[in-house]
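Let me begin by presenting the structure, written as structure tokens, before commenting on it.
The values are calculated or read from the model by the stated rules, or taken from the named source; none is laboratory data. Being a predicted model, the structure only gives us computed values, none of them experimental. Ideal geometry is used to build each Cβ from the backbone, glycine not excepted, and the neighbour counts take in all protein chains shown.
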Amino acid sequence: MSTGKSESHDPRARATPLRAVVAFWRDEAGVLTGFSLYIFILMMMIAGLTIDVMRYEAVRTRLQATSDRAVLAAADLDQTTDAVAVVEDYFAKAGMADYLEGVQVSKGLNYKEVEARVSAEIPTWFMNMSGIDTLNAFARSKAEERIQNIEVSLVVDISGSMGSNSKIQNLRTAADKFVRTMMAANDNITADGTGLTSVSIIPYHAVVSLPDYLIAKYNVSTQQEVSNCVRFAPSDFQSISLSTTDPLDRLAHFDRNNSNLYTQNGDRKIKRPWCQVGDYGAILPLSTSLTDLTAKVASLGASGNTATDLGMKWAAALLDPGTQSVVTDLITEGHLDGALAGRPVAYEDTETIKVVVLMTDGENTSQYDLKDSFKGTMSPVWWHEPSDEFFVYFQNRANQNKQPWWDVGRTPESDTNGNDAKYGDGDWDPAIERPDARQLSHAELFGTFSVRYISEYFFRVENDSQSSTRSTYRNAVTRYTGDGTADDYTEALCDKLKAKDVVIFTIGFEAPARGQTLMKYCASSSGHYFDVKGVEISQAFSSIANTIQQLRLSL
């Protein structure tokens with residue numbers, strides 16, 4: 001029976017599909033929101049931007065690298081090809097010729113400067129979606145090679161210890177290669193002399209000897225003029241410069257240790273003078289001659305104590321502009337190359353590099369000289385030339401019998417132990433007994449006999465042993481600089497040189513701890529110090545020479 005209501009007209013039945021659609025529309029599960037879509041698009045844009053930037057950077061880096069290599073090659077002063085052509089060739093071979101915008105070249109007597117500009121337009125792959133169609137890569141490179149003047153003081157240890165383990169031979173080999181490398185740079189000297197390298201060789205052991213022509217330029221005392229070594233006052237080590245007018249004390253000419261009588265060409269003379277005679281071991285100042293430099297190196301020997309402070313004092317003086325007047329005189333006299341006019345230049349001269357190369361195989365030891373009372377004075381020894389007899393006579397002694405010195409005439413070839421000697425009778429006077437005898441100066445006495453021989457032959461107490469007499473008499477020879485003091489002097493000079501931007505390289509050649517410490521202190525940096533053994537010294541000198549050449553060519 002019909003109820004009068006149709007199911008199709010049921011409001012709930014008609015609303016069910018609509019509600020399902022609405023429910024579906026409102027269900028957010030698994031749906032990509034607007035924010036998420038924005039983030040996704042942004043990530044894609046960043047990825048695209050990164051790719052474009054990476055492409056840009058790769059091209060720019062390649063441009064810069066090619067440009068850098070091209071200008072470095074073109075700026076080389078040894079490069080004979082036109083600088084512009086060199087740069088263009090580099091870019092052509094790199095397949096980047098279209099990117100080269102221009103090359104600018106500037107040249108002078110001692111320099112060449114090359115500048116290159118490049119640019120490239122790089123199409124974008126992704127950034128064009130945001131309106132950026134290309135990226136512009138730019139590069140600019142500039143290189144300069146400038147020949148610097150070089151002043152070098154090469155300070156080499158020739159003390160006795162260098163005679164062992166083939167050290168002096170290894171030094172000669174290393175130093176020879178060094179000076180050859182340095183002098184090769186003089187092939188590029190410009191018309192006005194720019195780019196000139198000069199090298200002073202300063203050999204040192206217990207002393208530093210000067211050639212006659214160099215010592216003549218200083219106000220050195222003349223108690224003796226046989227050998228040419230200078231004794232400096234403590235204040236002299238507080239300054240790099242060395243005055244040509246202030247008085248300097250010349251070291252006495254004496255042989256401290258040799259025990260035997262020595263003759264040469266019939267003349268008696270000391271065999272091993274503390275300061276050598278002649279050019280052996282003497283300074284070779286400001287040389288531009290490869291022949292002279294290699295000859296000096298080949299002549300180096302080994303003897304004596306170690307006085308690094310003296311070597312550094314002369315090394316500093318030969319770099320100091322205060323020595324210009326000395327150089328001028330030596331040029332005029334023909335001892336130095338005329339191209340050295342104006343050297344040593346001012347420390348502020350930006351066209352010149354000043355360098356010290358200092359090596360040692362040891363450490364500072366004691367330094368000796370005669371006391372002042374034995375310089376420039378007359379000795380108590382008289383010589384009778386016809387009989388070749390020597391007499392000791394103290395004119396200021398009232399009673400000769402109280403003197404414990406020999407005063408009887410005898411010849412050096414007689415009993416050198418003094419067995420036939422006796423005390424004087426108090427009345428002996430050479431002016432009466434030997435009117436033609438001549439009183440010897442101390443300079444003559446110490447230049448003829450060694451200190452040891454004088455003590456044993458002339459002044460030995462009758463019953464004393466030789467060693468006792470030798471020890472007593474050696475008070476006439478005094479140590480005036482100890483090893484620690486010499487270290488202090490050396491350090492003071494190194495400090496002052498470094499303050500003037502002088503570059504100091506040092507080499508400890510099988511040196512003991514204290515010597516190495518001093519070398520490390522003096523070096524301009526830890527990289528300027530070399531600790532070497534045996535033939536490694538050649539490697540050290542080669543490395544130093546190459547470094548100096550790199551400093552010389554400022555890129």
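Worth pointing out:
- So residue 355, is it in contact with an Asp or Glu (Cβ under 9 Å, 6 or more places away or on another chain), farther than 30 Å from residue 442 by Cα and assigned to a strand (DSSP E or B): yes
- Residue list for region 250-276, restricted to those being under 27 Å from the mean Cα position of the chain (by Cα) and either surrounded by fewer than 20 Cβ atoms within 10 Å (Cβ to Cβ) or in a loop (DSSP other than H, G, I, E, B) (or both): 251, 274, 275, 276
- Selection count, region 523-548, where residues are outside any helix (DSSP H, G or I), surrounded by fewer than 16 Cβ atoms within 10 Å (Cβ to Cβ) and free of Cβ contacts under 8 Å to residues at least 40 places away in the same chain: 3
- Condition met for residue 221 (without any contact (Cβ under 8 Å) to a residue 60 or more places away in the chain, surrounded by 15 or more Cβ atoms within 10 Å (Cβ to Cβ) and touching a Lys or Arg at 6+ places or on another chain (Cβ under 9 Å)): no
- The criterion of at least 1 residues that are within 29 Å of residue 91 (Cβ to Cβ) and at pLDDT below 80 is met, among strands (runs of 3 or more DSSP E) falling completely within region 102-165, by 111-123, 134-146.
- Residues located in region 237-249, provided they are in a loop (DSSP other than H, G, I, E, B) and surrounded by 19 or more Cβ atoms within 10 Å (Cβ to Cβ): 240, 242
- Some residue of region 306-314 being at pLDDT 95 or above, part of a loop (DSSP other than H, G, I, E, B) and crowded, with 16+ Cβ neighbours inside 10 Å: yes
- Residues in region 227-236 that are crowded, with 16+ Cβ neighbours inside 10 Å and either assigned by TED's automatic domain parsing to the domain that holds residue 163 or out of contact with any Leu (no Cβ under 6 Å at 6 or more places or on another chain) (or both): 227, 232, 236.
- Among the candidates 366, 387, 379, 373, the residue that is within 21 Å of residue 311 (Cα to Cα), modelled with pLDDT under 95 and polar (S, T, N, Q) is uniquely 366.
- Qualifying residue in region 336-351 (condition: of a type in the set (S, T, N, Q), crowded, with 23+ Cβ neighbours inside 10 Å and assigned by TED's automatic domain parsing to the domain that holds residue 288): no
- Failed criterion for residue 52 (all others in (1) in contact with a Phe, Trp or Tyr (Cβ under 7 Å, 6 or more places away or on another chain); (2) modelled with pLDDT of 75 or more hold): (2)
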